[in-house]
Amino acid sequence: MQIKLSNISFKSSEKNNWLLKNISLKIEKNKKTGLIGPSGYGQSTLLIIIAGFIKPQDGTIHLNHEIISY
């Protein structure tokens, strides 16, 4: 299994600045992946997007080379 994020961007409202901007990464089966950074820098938001609870404004998410649509 592989999860690939390509140019993911997200902001909570049009009035706010981008919380995530052009984030790309690949998570592969049987590999450990960590998201590190200061509090408030979007790690939890990125995981919520991957889980499908919120939709990014831009970018695509692939699961096993197929685009996930929300």
* **Virtual spin-label span in nm between Ile36 and Met1, 7 Å along Cα→Cβ** => 2.5
* Karplus couplings for segment 43-49 from phi (6.51 cos²θ - 1.76 cosθ + 1.60, θ = phi - 60°), rounded to Hz, Gly and Pro as x? -> 4, 5, 4, 4, 5, 5, 5
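Out of all Cα-Cα pairs in the chain, roughly what percent, to the nearest whole number, are more than 15 Å apart?
Working: 1286 of 2415 pairs.
That fraction is 53 percent.
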* To do: For the chain, give the percent of accessible area contributed by carbon and sulfur heavy atoms, probe 1.4 Å, rounded to a whole number.
  => 52
* Structure fact -> Summing -39500 (n - 2.57) over every DSSP H run of at least 4 in the chain, dividing by its residue total and rounding to the nearest 500, the 222 nm mean residue ellipticity is -3500 deg cm²/dmol
* Per residue value of the accessible surface for the chain (all protein chains in place, 1.4 Å probe), Å² -> 75
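The values are calculated or read from the model by the stated rules, or taken from the named source; none is laboratory data. Just so it is clear, the structure is predicted and the values come from calculations on it, not from any experiment. Here the Cβ is made from the backbone with ideal geometry for all residues, glycine too, and neighbour counts use every protein chain on show. Ligands, DNA and RNA are excluded from the accessible area calculation, which covers all protein heavy atoms including side chains. Shrake-Rupley method; radii C 1.70, N 1.55, O 1.52, S 1.80 Å.
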